[in-house]
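Single-structure report; data block below.
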């Protein structure tokens with residue numbers, strides 16, 4: 001009888017380990033499902049308006065709006081407005097938040113917020129494209145002013161059709177580049193670009 005107990009023990013231990021691994025795996029899958037249902041999602045960049053920061057086809061981890069807190073200058077956000085781009089999501093950078101005043105000198109290409117010229121190492125070119133919005137412009141309460149990093153090939157808050165964006169139109173904040181799209185000039189995947197967008 002003792003021999004049977006000794007031979008059964010390893011089998012029982014193996015079953016316990018299998019059960020433990022299965023339980024851990026199921027828990028991890030459920031955690032991921034809950035995370036991507038309520039707190040975050042993966043979204044793809046469509047277009048060139050955020051070059052060179054983001055490329056067409058980049059996969060972004062986006063924290064859903066209700067978990068973002070207040071938006072800050074330089075946040076990269078995903079916006080959806082039904083009357084703009086047929087309601088397709090667009091990715092832009094927050095330039096100013098509620099109460100701040102934006103002024104753009106389209107001759108020099110400089111962007112000022114509350115009188116201070118922004119240092120913008122992320123932009124592709126200085127800002128010369130006018131889209132119809134009159135400046136200076138003070139951002140109303142509950143809104144943000146957004147622009148693409150590829151300033152002269154971006155439809156954004158300079159276009160009255162979008163204008164300042166009510167925060168309720170923000171899907172979420174992009175926090176991490178999960179996988180790269182092909183870079184425009186090199187036509188190749190640059191995995192070194194994977195990382196935080198904060």
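Every number in this text was worked out from the coordinates using simple rules, so none of it is lab data. Computed from a prediction, not measured in an experiment: that's the story for all the values here. Glycine also receives a Cβ, built like all others from the backbone with ideal geometry; neighbour counts cover every protein chain displayed.
Structural remarks
- Projected-area mean, the range 45-196, by convex hull of Cα positions, square nanometres: 8.6
- Here the contact order of the range 131-198, divided by its residue count and restricted to Cα pairs under 8 Å and six or more residues apart, works out to 24 percent.
- Förster radius 35 Å - calculated FRET efficiency between residue 41 and residue 114 (Cβ-Cβ, nearest 0.05): 0.60
- In percent, rounded to a whole number, the relative contact order of the range 45-196 is 31, using alpha-carbon pairs under 8 Å and six or more apart.
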